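> Let me give you the structure first, and then I'll get to my questions.
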Amino acid sequence: MLSRRTVLLLISGLGIAVLLAALVPQRVTSPDGLDALQAKAPFLVDALKAAGLDHVVSTWGFAFLLALCWLTLGLATLNMLRRDYRRTFRPRTWSGLSGWHVVGDRPGLEESMAALRYWAAGRIGDESRFLKNPWNLWGASLLHLGMLIALAFAVLTILTTARSMVVLVEGESLDATTQVVAQDYGVLASPLSLEEPLELASVTPRFWDDGSVRQLETVILLGDSAQQEQLTVSINGSRVVRGVRIYQDQRFGYSYFLTVAFPDGTELMQRADLSQPLGVGNPTYMDIPLQDGSVLRLKCVEDPGTQSMSDEPEFVLRRELDGEVVAQSTMTTDTVSLDDVTVRLDGRRRWATFVLAREWSVIPLFAGFALVFLGATALYVGVPREVRLRTDENGQTWARWNAYRFARSVDQERDALFGSDEEGSS
Amino acid sequence: MSAFLLQAETRVHVVAIVLYALAAMMLIGGRFLRRPGLVRWAGNVVPLAIGVHALALGARWAGSGHGPYVTKYEMLSAYAFVTAVMFALIVYRRDRLQVLGMIVYPVVFLMMALGLYTGAEVHNLPPTFSGIWLVIHVCFYVLAFATAVIALSSAALILRGKDLELEATGRFQSLESLDDISYRFGGLAFAFWGIGMLTGSIWAYYSWGRFWGWDPVETWSLVTWLAFGIYLHVRRFYAWEGKRAALLLIVCVALALFSLFGTSILSDSLHAVYFQ
């Protein structure tokens, strides 16, 4: 499981799988790209689908590969932790190793080592031990442990996530015990439901001069009318309510409540949710097919004379039959006539979109990256080294220097302590 | 006031480019013409260039009302600045590594010049651009880039081989220790990149309600991180070093560049709204 080849094969396999997910249009993240490819090369798309390459990261093969990587990472971390513990706290003697230098002036050498921030760390057998940057020995272990924790948390999140999107109009509410239909549902996720009524009280966007959104704030009322709690949610300013985090999505606009009256006396009541036009040149549209075969095309547009994007945009209605414009009017009063059809505006309110998700603590992820940071700094910034001194039966002192990694970067220190040439070995 | 600051900033930015270019020319010229005086002068010009660059970034920050992390111009300038500062700090501690400036300074001034080419207009801050996680996310990617550039510089000099060592670096730095520098900074780039991804996922969680969405930017970022992982493991397991390892590192840095500056312009990316 832990052979070098296995580890490299697993990392490479993961890399190739992710690369495939980046290069081949994916069903979830790039449906338009997949459709375009289908139109150009249907046989290729059929082959990709048969191989599961249109949804690489949600295949069982990918999950299996990820599980193997995690297992290998776990075993490697365990091995490294044991190795670093042994090196730090239960080191062996170096007597059988080569590379010992003859020391002429032991007090002088110890003074030089102290100046270079080596500190005496006790004795092992007949050897005195001097260490520099010993905690950097733990770098690889911490780095791998951090990745292990982060990956475990990521998998746990995927398995237990329940997440949903909800569109509400000002004044509209979701009842208590409403079981929100979750769009993303992990294998171990339980149903996402509200414990108390949730009402959207107001939607307040703020805009930059060019019409782009600066911030979107909504006020939500929680609880029944007798005892309501007010909550303000904004983009990147989510709030947690009893384990469910409420996010403010960036999509919002106007809901127009319309009644369309036909010549035969029948009426059609319709709620039209149009997105907020972002700037003067960016109108938004919605089509409503009518019973007589014509289409009511609605347009929400910012007037070029608008002083502020917070002003209400113009609401334009056009009736089309077989692609030809039958009538068009801007809604400046409560009722407009489009040829023989009358449209009445019963109300206009803002709508906004929310994401509801079961709250997960980010502490494990934070702990994971904190360990990665500590581990990487210890592993690549500082070089742990050690000097052992021992005196043989003739009274001669011997010293051996070892850098646990990147020895070439600190060899001038060894040369400063013992000279560039080995004086001998025992 | 804002308009004045932004106008002045572009000019100061150009002055910083010229100073970095001057430092690069002095360093390269000094090495190859064996004129130590020029090399010393390069060392004096760099702090001045960094100071002027800091002034430009400060003016940009004050003028635009937000940090330099929205447009490509701002990002390239911020990446270049951190790279230059990090390299200056390294050289301050180990002046033998000044030879890496032959690659680092040209990269820095080319990035800044490229930033000018992409346009210095100020863009408004999108509403998702807030919070401590965004700051940490951006900082770690900038650090990852800076460390990757320093690793790349070592790799590039290793690829030039012994000739360069004799002519220019022999007295200052051996190829073996350049190889260690490349390894260590490649390792730091891997770790910082990983932390950048993790903190980015926390930011995404607070902004969009999900940690990871396999967006092209996220996917290519993961590909880059895994490539760095392969680089570190072949070095560790199979003792790859020298030109072979240097070539692999250059591939990793190329992937990093594509992830940082190439993928965000893909139209189907959620990140496409940023870095315009």
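The values are calculated or read from the model by the stated rules, or taken from the named source; none is laboratory data. A quick note: this is a predicted structure, and the numbers were derived from the prediction, not measured. Neighbour counts run over all protein chains shown; Cβ positions are idealised from the backbone, glycine included.
> Within segment A:254-274, can one find any residue that is within 14 Å of another protein chain (Cβ to nearest Cβ) and closer than 18 Å to A:Gly347 by Cβ?
no
> Which of the following residues is among the hydrophobic types (A, V, I, L, M, F, W, C) and outside any helix (DSSP H, G or I): A:Leu168, A:Leu151?
Result: A:Leu168 is the single residue among A:Leu168, A:Leu151 that is among the hydrophobic types (A, V, I, L, M, F, W, C) and outside any helix (DSSP H, G or I).
> As an exercise: evaluate A:Ala370 against (1) under 30 Å from A:Trp138 (Cα atoms); (2) surrounded by 18 or more Cβ atoms within 10 Å (Cβ to Cβ) and give the number of the one condition it does not meet.
Against the list (1) under 30 Å from A:Trp138 (Cα atoms); (2) surrounded by 18 or more Cβ atoms within 10 Å (Cβ to Cβ), A:Ala370 comes up short only on (2).
> Also: Mind checking whether some residue in segment B:62-75 is within 25 Å of B:Ala156 (Cβ to Cβ) and of a type in the set (Phe, Trp, Tyr)?
For segment B:62-75, residues within 25 Å of B:Ala156 (Cβ to Cβ) and of a type in the set (Phe, Trp, Tyr): absent.
> Of the conditions (1) farther than 30 Å from B:Gly200 by Cβ; (2) within 11 Å of chain B (Cβ to nearest Cβ); (3) in contact with a helix residue (DSSP H, G or I) (Cβ under 7 Å, 6 or more places away or on another chain), A:Pro384 fails just one. Which one is it?
With (1) farther than 30 Å from B:Gly200 by Cβ; (2) within 11 Å of chain B (Cβ to nearest Cβ); (3) in contact with a helix residue (DSSP H, G or I) (Cβ under 7 Å, 6 or more places away or on another chain) applied to A:Pro384, the lone miss is (2).
> Looking for something in contact (Cβ under 8 Å) with a residue 24 or more places away in the chain, closer than 20 Å to B:Ala227 by Cα and facing another protein chain (nearest Cβ under 7 Å) - is there at least one such residue anywhere in segment B:203-210?
Keep residues of segment B:203-210 that are in contact (Cβ under 8 Å) with a residue 24 or more places away in the chain, which gives B:203, B:206-208.
Checking which are closer than 20 Å to B:Ala227 by Cα leaves us with none.
Checked segment B:203-210: no residue is in contact (Cβ under 8 Å) with a residue 24 or more places away in the chain, closer than 20 Å to B:Ala227 by Cα and facing another protein chain (nearest Cβ under 7 Å).
> With the condition kept exactly as written, say whether any residue in segment B:205-215 is under 20 Å from A:Gly146 (Cα atoms) and either at pLDDT 85 or above or assigned to a helix (DSSP H, G or I) (or both).
yes
> Turning to a different aspect of this structure: Considering only segment B:241-250, state which residues are without any contact (Cβ under 8 Å) to a residue 40 or more places away in the chain and either touching a Phe, Trp or Tyr at 6+ places or on another chain (Cβ under 8 Å) or crowded, with 20+ Cβ neighbours inside 10 Å (or both).
B:Leu248
> Mind telling me which of the residues A:Ser225, A:Ser275 ends up being small (Gly, Ala, Ser), without any contact (Cβ under 8 Å) to a residue 60 or more places away in the chain and loosely packed, with under 13 Cβ neighbours inside 10 Å?
Working: A:Ser275 fails: loosely packed, with under 13 Cβ neighbours inside 10 Å.
Result: A:Ser225 is the single residue among A:Ser225, A:Ser275 that is small (Gly, Ala, Ser), without any contact (Cβ under 8 Å) to a residue 60 or more places away in the chain and loosely packed, with under 13 Cβ neighbours inside 10 Å.
> Oh, and also: Identify the residue in segment A:35-61 that is within 11 Å of chain B (Cβ to nearest Cβ) and buried (at least 17 other Cβ atoms within 10 Å of the Cβ) and, among all such residues, is nearest to A:Ala152 (Cα to Cα).
Per the stated criteria, the residue is A:Val57.
> Take B:Phe237 and decide whether it is at the interface with chain A (Cβ under 10 Å from one of its Cβ atoms) and touching a Ser or Thr at 6+ places or on another chain (Cβ under 8 Å). Full working, then the answer.
Details: at the interface with chain A (Cβ under 10 Å from one of its Cβ atoms): yes; touching a Ser or Thr at 6+ places or on another chain (Cβ under 8 Å): no.
It is false that B:Phe237 is at the interface with chain A (Cβ under 10 Å from one of its Cβ atoms) and touching a Ser or Thr at 6+ places or on another chain (Cβ under 8 Å).
> While we're looking at this one, here's another question. Can you pull out the residues in segment A:81-132 that are touching a residue at least 60 places away in the same chain (Cβ under 8 Å), among the small types (Gly, Ala, Ser) and not in a loop (DSSP other than H, G, I, E, B)?
Listed by number, the residues that qualify are A:Ser112, A:Ser128.
> Quick one: how many residues across segment A:397-423 are at pLDDT 90 or above and more than 14 Å from every other protein chain (Cβ to nearest Cβ)?
Total meeting the criteria: 6.
> Any idea which residue in segment A:222-246 is nearest to the other protein chains (Cβ to nearest Cβ), counting only those that are touching a Pro at 6+ places or on another chain (Cβ under 7 Å) and of a type outside the set (A, V, I, L, M)?
This residue is A:Asn236.
> Additional query: Assess whether A:Ala115 counts as being within 14 Å of another protein chain (Cβ to nearest Cβ), farther than 30 Å from A:Gln230 by Cβ and not charged (D, E, K, R).
no
> Among the candidates A:Thr72, A:Thr88, A:Thr77, which residue alone is within 14 Å of chain B (Cβ to nearest Cβ) and among the polar types (S, T, N, Q)? Full working, then the answer.
Working: A:Thr88 fails: within 14 Å of chain B (Cβ to nearest Cβ); A:Thr77 fails: within 14 Å of chain B (Cβ to nearest Cβ).
None of the other options fit; the residue is A:Thr72.
> Further question on the same structure: List the strands (runs of 3 or more DSSP E) that sit entirely inside segment A:222-289 and contain at least 2 residues that are of a type in the set (Phe, Trp, Tyr). Don't jump to the end; show me each part of the working.
Numbers: elements: A:229-234, A:239-241, A:244-261, A:267-275, A:284-289.
Once the strands (runs of 3 or more DSSP E) in segment A:222-289 are filtered for at least 2 residues that are of a type in the set (Phe, Trp, Tyr), what remains is A:244-261.
> Taking into account only those residues within segment B:116-139 that are away from chain A (no Cβ under 14 Å) and either assigned to a loop (DSSP other than H, G, I, E, B) or over 13 Å from the mean Cα position of the chain (by Cα) (or both), which is nearest to B:Arg40 (Cα to Cα)?
For segment B:116-139, the residue satisfying everything is B:Leu116.
> So A:Ala114 clears everything in (1) among the small types (Gly, Ala, Ser); (2) exposed (fewer than 13 other Cβ atoms within 10 Å of the Cβ); (3) modelled with pLDDT under 90 except one condition, right? Which one?
For A:Ala114, the failing item is (3).
> Report yes if A:Glu267 is farther than 30 Å from A:Ala152 by Cβ, surrounded by fewer than 18 Cβ atoms within 10 Å (Cβ to Cβ) and at pLDDT below 90, otherwise no.
no
> Being loosely packed, with under 15 Cβ neighbours inside 10 Å and over 30 Å from A:Asp340 (Cα atoms) is the requirement here; does A:Asp210 meet it?
Working: loosely packed, with under 15 Cβ neighbours inside 10 Å: yes; over 30 Å from A:Asp340 (Cα atoms): yes.
It is true that A:Asp210 is loosely packed, with under 15 Cβ neighbours inside 10 Å and over 30 Å from A:Asp340 (Cα atoms).
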